[in-house]
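The values are calculated or read from the model by the stated rules, or taken from the named source; none is laboratory data. Since we're looking at a predicted model, the values are computed, not measured. Heads up, the Cβs are rebuilt from the backbone with ideal geometry, glycines too, and the neighbour counts pull from every protein chain shown.
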Amino acid sequence: MPHLAFLTSPPVKPANAIDRPPGLVTAQVIDACSAGRWRVATPSGLVDVELAASCLLQPAIGDQVLVHEDIIAGSYILAILRRRDATSGTLRITGDASLQVEGRLDIRSTQGASLSTGGQLDLAAERIGITAESGLVCIGKLDFIGRALTASADRLRAVGQGLELIAERIFSHVGESLRRVDRLDAHQSGQLDFKVDTLMTVKAETTAIRGKQLVKLDSDQIHLG
């Protein structure tokens, strides 16, 4: 059986390439080119480079970087050695990403933290705890679904245009209850029972008590007029 040999031609060097072996050099970022490429100044001149996949920290103009310079195969920024502006930095990953930790993950910031997304944010845990001196929550629509809800506070205040409460049973136990209704206060129930230990007072300009079948007053003394 005849032996077939496949020959491949070596890569073609650019016309302006200088013959030098690949190697590591330090360089300075001069400009940001299109399509994720950067222009750096190396000891041999200006070179357009790409960012290595393992280098998540985005370079900025004026940064000192470590470059693997290869005129034929392409040059890459491997690491950021020194930042021109060390007050800010950006970690960037193209595509989906996942962070997996075998132990506990602790993220701390001395100046604050912000988490934002243009899509949906999901939090799933066995237990979630939030501790803060003050807080503000702004949500257009909120649905809460749970088996039990317990709230404990020195003072609770709710302000809104309307309040609707639907429950099978409502129980409240308070030391003192004060309520003011400027307009109509209407009650509709199958049976209404008031029990007062000492005194019950009803005051109005006009009071009407109507019973379809029976109106009954029962007491040791009844004063009318």
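For the stretch 58-76, the set of residues classified as surrounded by fewer than 19 Cβ atoms within 10 Å (Cβ to Cβ) and hydrophobic (A, V, I, L, M, F, W, C) consists of Ala60, Ile61, Leu66, Ile71, Ile72, Ala73, listed by residue number.
Pairs meeting the criteria (first residue in the stretch 74-88 and within 19 Å of Ala53 (Cα to Cα), second residue in a loop (DSSP other than H, G, I, E, B) and hydroxyl-bearing (Ser, Thr, Tyr), beta carbons under 9 Å, at least 6 apart or on different chains) are Leu78/Ser54; Ala79/Ser54. Every listed requirement among (1) more than 30 Å from Gln111 (Cα to Cα); (2) under 36 Å from the mean Cα position of the chain (by Cα); (3) modelled with pLDDT under 90 is met by Thr87 save one, (1).
Across the stretch 6-57, which residue is modelled with the lowest pLDDT among those that are surrounded by 12 or more Cβ atoms within 10 Å (Cβ to Cβ) and part of a loop (DSSP other than H, G, I, E, B)? Across the stretch 6-57, the extreme among qualifying residues is Pro22.
Does the stretch 99-107 contain any residue that is touching a residue at least 60 places away in the same chain (Cβ under 8 Å) and assigned to a loop (DSSP other than H, G, I, E, B)? Working first, answer last.
Applying the first criterion (touching a residue at least 60 places away in the same chain (Cβ under 8 Å)) to the stretch 99-107 yields none.
No: zero hits.
Restrict the check to the stretch 173-182 and report whether at least one residue is part of a loop (DSSP other than H, G, I, E, B), charged (D, E, K, R), touching a Lys or Arg at 6+ places or on another chain (Cβ under 9 Å) and under 30 Å from Ala204 (Cβ atoms). Taking every residue of the stretch 173-182 in turn, none turns out to be part of a loop (DSSP other than H, G, I, E, B), charged (D, E, K, R), touching a Lys or Arg at 6+ places or on another chain (Cβ under 9 Å) and under 30 Å from Ala204 (Cβ atoms).
Just one of (1) in contact with a Pro (Cβ under 9 Å, 6 or more places away or on another chain); (2) part of a loop (DSSP other than H, G, I, E, B) fails for Val65. It is (2).
Determine whether Gly211 is of a type in the set (Gly, Ala, Ser), part of a loop (DSSP other than H, G, I, E, B) and at pLDDT 90 or above. It would help to see each step written out before you state the result.
Numbers: of a type in the set (Gly, Ala, Ser): yes; part of a loop (DSSP other than H, G, I, E, B): yes; at pLDDT 90 or above: no.
When the stated conditions are applied, Gly211 does not pass them.
Listed here are the residues, each with its yes/no results for (1) within 30 Å of Arg127 (Cβ to Cβ); (2) free of Cβ contacts under 8 Å to residues at least 40 places away in the same chain; (3) of a type in the set (Gly, Ala, Ser); (4) touching a Leu at 6+ places or on another chain (Cβ under 8 Å).
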| site | (1), (2), (3), (4) |
| --- | --- |
| Asp143 | yes, yes, no, no |
| Leu178 | no, yes, no, no |
| Ala204 | no, yes, yes, no |
| Ile209 | no, yes, no, no |
